Amino acid sequence: MDNTVSPKNDPYASLRFPEFNYYLVIRFALVFALTMQFAIIEWKVYELSKDPFSLGLIGLSEVIPAVLLAPFAGHLVDKREKRGMLLKCVIAYIFISTGLFLLTWDRAVAGISRHWVLNLIYLLVFMGGTIRAFTSPSTFTLLSLLVPRQLYANASTWSSSAWQVGGVLGPALGGFCIYLFGVHWSMLLVVAIFLAPLFSLLQIKPKPVYYKSQGESFFDGLTKGMRFVWHTKVVLGAMALDMFAVLFGGAVAMLPAFATDVLHVGSLGYGFLRSAPAVGALVTMFILAHRPLVNKPGIKLLAAIFGFGLCIILFGISTSFYLSIAALLISGALDGVSVIIRQTILQLKTPDDMRGRVASVSSMFVGSSNELGAFESGFMARAMGLTASVVFGGCVTLGVVITTYIISPAMRKLDLKP
């Protein structure tokens, strides 16, 4: 690896490393397949149950194993070769998606009650959450082994861009395929898409392992990432801020209900709604690849999440399809700022031998808050009503930002220079 490469005035610096380009394919294809799969399953579950709370249970089914296994997964990933770990995760996803394909096939589930079909779907989602506990730290750690340290910010931007492109196309294609081909054949396409990261991983050479036990006990090794995050206040602040914003401000999980019962746009409109936040985030990613956040990134992060909360409130009260699309689009653009800053903080502040464990803590804080947010949204929708629950979540997000600004001087003074 050429450590003399400089990112100065070269927004494409990290793309000059061939293995990093394969990494971007992996990043894109994984999120493409998983978000498409999630959008299809959300639609199928709501079709079977007609209950917003059942959508929340999808998130809960995934988040339980992802959170419980995260410390162990991060510890294991730090001790193992990263490319091999990720390869095992992709193969496991293929088996899970094949199972969901069979569960959405009317012939295969003939004679099985809707209740049991729902339970089997939740079980496979639970298994997917188990795999995700290992996928997230493996993916995060592999990036740092493909480019030099001075390109981490640039690589994080492109990695997040690939993630957002997949996030745009996955749910959109999911909605359109449901409209054109039905749920069952749409799931077959998901299985096929998982072959792309499988092939790309085979083009990347195995990487060295930097884990150093230094005589530490198993428990100390397991909790080292948590202790690092707790004592590194800027990392803790960024994770906590993003976690609470996503936890209370996430309206995406309720989109099947909004598309069906509020906006009355069906599966085609659902595809547009589901992809709108990722379209906005994608625009942000490309802008920030050329114009990095240098001046007062902490203040910009707080402002972006405050704007995100306002967009969620607007979406909650909207009865216009186009206004709802606009609100989700802008919310995604603002959320993209948060993703870039948080990923850059983690890459710059985390020691090489702890990347898997710190990434697992990040997954517990931020990644899992999407699913917990889905459960919170489903629970609050049943308790308060669909619209009121989303507006309430947006208001809580605003409160979190204001509180963080007051109590966190480290966030206000954040500097992202390597």
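The values are calculated or read from the model by the stated rules, or taken from the named source; none is laboratory data. Keep in mind that this is a model prediction, so the values were computed, not measured. In this analysis, Cβ positions are derived from the backbone assuming ideal geometry, glycine residues included, and neighbour counts consider all displayed protein chains.
Descriptive notes on the structure:
- Test result for Ile178, under 30 Å from Pro277 (Cα atoms), at pLDDT 70 or above and of a type outside the set (Phe, Trp, Tyr): yes
- Within the range 8-21, the residues that satisfy the criterion of being closer than 15 Å to Leu146 by Cα and either at pLDDT below 60 or not small (Gly, Ala, Ser) (or both) are Tyr12, Leu15, Arg16, Phe17, Pro18, Glu19, Phe20, Asn21.
- Exactly one residue among Leu301, Leu282 is buried (at least 24 other Cβ atoms within 10 Å of the Cβ), over 18 Å from Val168 (Cβ atoms) and touching a helix residue (DSSP H, G or I) at 6+ places or on another chain (Cβ under 6 Å), and that residue is Leu301.
- Applying the criterion of being within 15 Å of Thr130 (Cβ to Cβ) and at pLDDT 85 or above to the residues of the range 65-85, the residue that is farthest from the chain's Cα centre (by Cα) is Met85.
- Residue that is farthest from Ser331 (Cα to Cα), among those in the range 376-399 that are of a type in the set (A, V, I, L, M) and at pLDDT below 85: Ala383
- Filtered residues of the range 141-189 (kept if under 20 Å from the mean Cα position of the chain (by Cα) and of a type in the set (Ser, Thr, Tyr)): Thr141, Ser144, Tyr152, Ser156, Thr157, Ser159, Ser160, Ser161
- The sole residue among His115, His75 that is surrounded by fewer than 16 Cβ atoms within 10 Å (Cβ to Cβ) and assigned to a helix (DSSP H, G or I) is His115.
- Qualifying residue in the range 39-55 (condition: at pLDDT 90 or above, assigned to a helix (DSSP H, G or I) and under 14 Å from the mean Cα position of the chain (by Cα)): no
- The condition of being closer than 19 Å to Pro206 by Cα and of a type outside the set (Lys, Arg) holds for only one of Pro137, Pro71, that being Pro137.
- Test: residue in the range 11-24 that is more than 15 Å from Ser138 (Cα to Cα), of a type outside the set (Ser, Thr, Tyr), without any contact (Cβ under 8 Å) to a residue 40 or more places away in the chain and in contact with a helix residue (DSSP H, G or I) (Cβ under 8 Å, 6 or more places away or on another chain): yes
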